[in-house]
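Heads up: the structure comes next, in structure tokens.
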């Protein structure tokens, strides 16, 4: 018979190990920019898994009944990063290990998963892109376009012109609209400052917007 203290210890182990994974350090992804709900779900899933293993024990009939009931539950959560779904499964495994008292297996799995995720996510921000629409209002569209091409080439940004409105006597300010794939480690503020610095005399305004049905693209 497992004591109450050991039960609490196993549940706490599930919380600690899954929490380490959920709030692991990620390059260029600050903690406050992550989805708190996803991290909470990962921790709670580990606790649920540990509790189920404690309830099941060595009773086979009870195991089939519980896992049949759990299989009826359907999750409809929109997770932005597909890797977090895998982390959910790892959290489930950590909870199962903690529930059966396999501290060594749980800790080894947690450390192995942390190392693997660190390797996979090390250059993630430079390999991931977001589809954006850039509109630059300028008094000299042709000159501004040449400057923009140089900036995009220097920053290795894929961009294409979607609309170009020339300036004339009736409308002294024209515009250039680009669709581009912006790396996640390059902010719109940084790129806007570079555009203004390179073409301060002609640029009248810069506007950013997400393209329709845009999502992050992973290369």
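A short reminder: the numbers here are calculations on the coordinates, not readings from a lab. Because the structure is a prediction, the values reported are computed rather than measured. Note that each Cβ is placed from the backbone with ideal geometry, even for glycine, and that neighbours are counted across all protein chains shown.
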Protection-proxy order for peptides 40-47, 104-111, 152-159, each taking the mean of Cβ atoms within 10 Å per residue, highest first: 40-47, 104-111, 152-159
Starting from the exponent 0.38 and prefactor 2.2 Å, build the expected Rg for the stretch 138-206 from its residue count and divide its actual Cα Rg by it. 1.10
Determine the distance separating the Cα centre of the stretch 174-197 from the Cα centre of the stretch 128-166; give it in Å without decimals. 7 Å
State, to one decimal in nm, how far the label point of residue 2 lies from the label point of residue 168, with both points 7 Å from Cα in the Cβ direction. 7.9 nm
